[in-house]
1. Write down Rg/Rh for the chain, rounded to two decimals, with Rg from the C-alpha atoms and Rh from the Kirkwood relation over Cα pairs.
2. At 1.002 mPa s and 20 °C, plugging the Kirkwood radius over alpha-carbon pairs of segment 76-123 into Stokes-Einstein gives what diffusion coefficient in µm²/s?
3. Determine how large the accessible area of SER59 is when every protein chain is in place; take a 1.4 Å probe and give Å² rounded to the nearest 10.
4. Hey, what number do you get for the chain at 222 nm if only DSSP H runs of n ≥ 4 count, each worth -39500 (n - 2.57), divided across all residues, to the nearest 500?
5. Are there GluC sites (Glu not before Pro) in segment 1-110 that DSSP marks as loop and that have at most 12 other Cβ atoms within 10 Å, and which are they?
6. For ARG123 and THR8 in one chain, what is 0.36 nm times their gap in residues minus the Cα-Cα distance, to one decimal in nm?
7. Heavy atoms only, probe 1.4 Å: what % of the accessible area of the chain goes to carbon and sulfur, would you let me know?
8. How large is the convex hull of the C-alpha atoms of segment 1-76 per residue, in Å³?
Amino acid sequence: MSSQPTATDLRMIKRFILLPLILTEFENDRKSIGLTVEHPEPYDELLQRTMDRVTADLSRVRAYLRQNGIKVFDTEWAGVKISAKYVCRGHTGDLSLMEYLRKADMDVAMRYYFGLDTEKFIRKDLPAHLLTTKPDAVY
């Protein structure tokens, strides 16, 4: 018998898709900063620490998926969206993120990982089971 994914399951699938993209952004920024500033070492250290936090969260997301019988596969870019297929306790589904939403989620998550205030981006008008205290793309 298959069971529908919960709101938390879907958030974790979304994070599984977005966190590697965030890591790639930070890595690209590290390379760019190294070429454009006179003293790149402090920036590089900050970005490396930030990437370590993202990597730790990605490990927790992977553990959640494993513990809850969720597999994510066939992630692909298709025009203006990124999509992935998943199997969650026997239920098969697709999760798609439009490009503009992906960018917005990544922007807020990157701010969060840098330790910036993201409170203004958190929706407080959602039903209780969907409320979160962190940006949606953050573990």
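1. Values: Rg = 16.3 Å, Rh = 16.2 Å.
Reported Rg/Rh, Kirkwood definition of Rh: 1.01.
2. Numbers: Rh = 12.6 Å.
In µm²/s, the coefficient rounds to 171.
3. 60 Å²
4. Numbers: 3 runs with 72 residues, N = 139.
Counting only the DSSP helices, I get -18500 deg cm²/dmol.
5. Working: sites: GLU25, GLU27, GLU38, GLU45, GLU76, GLU99; in loops: GLU38.
Here the sparse-neighbourhood loop sites are GLU38.
6. Values: separation 115, 0.36 × 115 = 41.40 nm, distance 1.56 nm.
Going from the current span to full extension adds 39.8 nm.
7. Details: 4650 of 8510 Å².
Using a 1.4 Å probe with all protein chains present, the chain comes out at 55 percent carbon and sulfur.
8. 88 Å³
The values are calculated or read from the model by the stated rules, or taken from the named source; none is laboratory data. Keep in mind that this is a model prediction, so the values were computed, not measured. Positions of Cβ are backbone-derived with ideal geometry, glycine not excepted, and every protein chain shown enters the neighbour counts. Accessible surface areas use protein heavy atoms only, side chains included; no ligands, DNA or RNA. Shrake-Rupley method; radii C 1.70, N 1.55, O 1.52, S 1.80 Å.
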